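Quick note: the coordinates plus some simple rules give every number you see, no bench work behind them. In this text the structure is predicted, and so the values were computed from the model without any measurement. Positions of Cβ are generated from backbone atoms using ideal geometry, with glycine treated the same way; all protein chains shown enter the neighbour counts.
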Amino acid sequence: MAVQSSKSLVPLMPLVPLVPDWPAPANVRALCTTRAGGVSTGPCASLNLGEHVGDAPEAVIENRSRLRSVIGVRPVFLRQVHGTDVAALDADTSDGSGAIAADACTTTGTGIACTIMVADCMPVLFTDEAGERVAAAHAGWRGLAAGVLERTLGTFTKDVRPTGAGTQGDAHERGASKIIAWLGPCIGPKVFEVGSEVKAAFEAHSAGAASCFEPGAVPGKWLADLPALARQRLRAMGVEAVYGNDGSDAWCTVSNSSQFFSYRREAGSGRFAALIWKV
């Protein structure tokens, strides 16, 4: 099917991305798209970047083309499976979303953007202070509990282990303290209701995770604070420079329907993306 021009679909509208407010090196760029600036309609309106949500294929192609024209580099879309695999990207990596099954990616090259699509899960972007490596991770509760952030950090600092009694200094010496992280929008702690098995999965890793859960309206249900859980995991690895999502309402994908897609809010929701790259 021939790709329709933007004029034949809807009038051209500007992308309105979120730009992380963090002390990234001068050669590192990052942004998080919102719903604005695309050509999709219905639940996917308008800048849907996901091929797998029932949107018109030609609309997704156009939306991705618009994104690439704005950032000036090639985004690589993963086939995200709520796992912990980290893909290493380079100039030869395919940019098709079905080509690589992984939930995080990293690169030391230029001209290629590490890209994570979400619609309630949390995207997490990473860079080191020197701007030598960048990475992005898909942190839904499953991946977060299974260690996707730890796996991603491992691409920066080999053999990093969780800090604890006698290990805090070791983690810093290996370079974890030189990594900067940004947490993107996700489902907020006022509406992220989960079962007791989710709470137990995090508490099995750290008893302190209990502080990130509040009792829900129904016995056996809990309200989970995904950004707080991510900050705990990052802090345990020695990463103190964490910016972005603080769990407040402004970051909640469910509550901000005009700005973000949300799978929990509406069936057939589109996907927005967080991207990071080097120039």
With +1 on the Cβ of every Lys and Arg and -1 on the Cβ of every Asp and Glu, the dipole magnitude of the chain about its Cα centre, in debye rounded to the nearest 20, is 300
Highest GNM mean-square fluctuation among Val73, Val218, Val19, for the chain with Cα springs under 10 Å, belongs to Val218
Two pseudo-spin positions, 7 Å from Cα along C-beta at Thr41 and at Glu197, lie apart in nanometres by 4.0
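Sum up the lysine pairs in the chain that clear both bars: alpha-carbon distance under 25 Å and a spacing of 8 or more or different chains.
6
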Helix 226-236: inclination vs the chain longest Cα principal axis, degrees, rounded to 10, gives 50
Net charge (Lys, Arg +1; Asp, Glu -1) of residues whose beta-carbon lies under 9 Å from that of Phe77, Phe77 excluded, is 0
Between the modelled labels at Lys178 and Val73 (7 Å from Cα along Cα→Cβ) the distance in nm is 1.9
Tilt, helix 196-205 to longest principal axis of the chain (alpha-carbon atoms), in degrees rounded to tens, equals 60
Rounded to one decimal in nm, the spacing of the 7 Å Cα→Cβ label points at Arg264 and Lys221 is 1.0
Largest fluctuation, Val70, Val124, Val194 only, Gaussian network model of the chain with Cα springs under 10 angstrom, belongs to Val70
